[in-house]
Amino acid sequence: TLGGYADFMAKEIAEQPEAIERLLAGRMGEHGVFLDELSLTKEELAAIDRVYLIACGTSYHVSLIARTLIQTWAKVQVICDYASEFNYEQDVLVTPNTLCVVITQSGETADTLTAARRMRGMGCKVFAITNVLGSTAARESDGTLYVQAGPEVCVASTKAYTAQMVASALLALRLAEARGEMDRSEVERHYRDLCALPDLIREVISRAWQDKRAAALFRRAHSALFLGRGVNATTALEGALKLKEISYLHAEAYPAGEMKHGPIALLEPGFPVVAIVPEDRVHDKTVSNIQEVIARGATCVAVATDGDEAVASLVEHVLWIPPVSDELLVPIVAVVHLQMLARYVARARGCDVDKPRNLAKSVTVE
Ligand code: F6R
């Protein structure tokens with residue numbers, strides 16, 4: 001039931017902090033990160049020399065974040081692929097110690113299941129990250145990590161998305177630990193950073209009024225552009241996907257530095273641009289891209305870190321996020337604003353946010 005919320009999307013956005021708390025509870029023990037679901041010994045884990053991440057849609061965006069976490073923390077090469085592309089590729093470069101991870105909140109996406117079967121056929125261990133107990137992906141995998149986000153009714157994924165990112169972070173930490181890339185205190189520090197996420201998300205949710213205000217800037221828009229760098233190029237992709245699927249407003253996402261190689265031609269006065277520009281190593285580079293946007297008269301909404309006057313003085317509107325201790329985890333906090341923004345834009349346009357046209361919760365055809 002809705003329990004007082006206007007729609008399931010609002011309810012599921014609000015459930016994100018508890019979902020992440022459930023997933024993280026008891027994951028750090030005497031022997032390090034507890035991830036027995038992997039069903040791989042420490043030696044087998046340590047031997048992994050390549051990770052294939054395969055998914056569709058929003059879950060594919062999770063894989064892009066997971067790639068950065070695994071490569072940065074565990075120093076293992078990662079390849080991300082859309083299941084619908086992977087299944088028709090001629091050559092798949094697997095090593096005897098390649099781990100395949102399929103990310104699928106429903107566990108029933110036909111393309112993803114086909115990809116998992118193909119990988120198993122090649123002798124790879126397949127691990128599933130899913131939200132649905134007993135789903136096909138879970139049944140057919142060597143190990144399954146349930147993200148425990150609870151049933152997601154709204155077709156557009158919100159809490160499964162953020163929980164899957166946290167699950168990927170646990171996997172990255174477990175790999176880093178098994179490979180000796182991190183000592184105990186580092187693993188614990190990263191775990192503490194993860195445990196801080198629920199409160200940071202609560203804080204963002206309490207700022208929903210900022211998203212409501214920003215939504216007014218999309219009233220006359222026909223299209224929107226989302227920009228970000230690094231891990232937040234993925235946040236931009238997810239923000240654009242949420243907006244188009246529930247509000248039917250065309251939206252594209254680009255890594256901010258790529259804007260000048262084409263999409264900048266779209267900009268004109270009033271064109272809405274959403275820039276994700278937290279305090280991180282690429283902050284100043286993204287600020288220069290925002291200046292290029294402003295110079296063309298476009299309307300810029302920024303997701304920025306509390307106190308960032310440099311950004312606030314440039315843009316039309318700011319969606320503020322509290323500081324996040326590890327910049328690689330910002331996507332898990334920042335995306336919550338973009339979920340709320342998409343919802344307010346969709347509602348203002350009279351759309352059914354829970355049941356967008358032409359979409360189904362799980363796509364069981366290839
Ligand atoms: C968008 C959304 C879809 C799914 C995609 C894959 O909000 O939910 O893009 O992510 O259809 O579904 P799963 O994760 O169930 O494999």
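The values are calculated or read from the model by the stated rules, or taken from the named source; none is laboratory data. Note that the coordinates shown come from a computational prediction; the quantities given were computed from them, not determined experimentally. Using ideal geometry, Cβ is built from the backbone for each residue, glycine included, and neighbour counts are taken over all protein chains shown. Keep in mind that these areas ignore ligands, DNA and RNA; they rest on the heavy atoms of the full protein, side chains included. Shrake-Rupley method; radii C 1.70, N 1.55, O 1.52, S 1.80 Å.
If you go through region 95-117 and keep only what is farther than 19 Å from Ala360 by Cα and either among the acidic types (Asp, Glu) or within 9 Å of the ligand (Cβ to nearest atom) (or both), you end up with just Val102. Taking the residues in region 222-233 that are open to solvent by 10 Å² or more (accessible area, probe 1.4 Å) and at pLDDT 95 or above as candidates, determine which candidate is farthest from the chain's Cα centre (by Cα). Per the criteria, the residue is Ser223.
When the criteria are applied in full, Val293 fails the requirement of being out of contact with any Leu (no Cβ under 9 Å at 6 or more places or on another chain), β-branched (Val, Ile, Thr) and open to solvent by less than 40 Å² (accessible area, probe 1.4 Å).
Counting only helices (runs of 4 or more DSSP H) that sit completely within region 1-53, those holding 3 or more residues that are open to solvent by 40 Å² or more (accessible area, probe 1.4 Å) correspond to 16-24, 42-47. Just one of the numbered conditions (1) open to solvent by 10 Å² or more (accessible area, probe 1.4 Å); (2) touching a residue at least 24 places away in the same chain (Cβ under 8 Å); (3) of a type outside the set (A, V, I, L, M, F, W, C); (4) in a helix (DSSP H, G or I) is not true of His337: (1).
Taking the listed residues Ala149, Ala176, Ala196, the one that is over 28 Å from Phe271 (Cα atoms) and either at pLDDT below 95 or within 16 Å of the ligand (Cβ to nearest atom) (or both) is Ala149, with no other qualifying.
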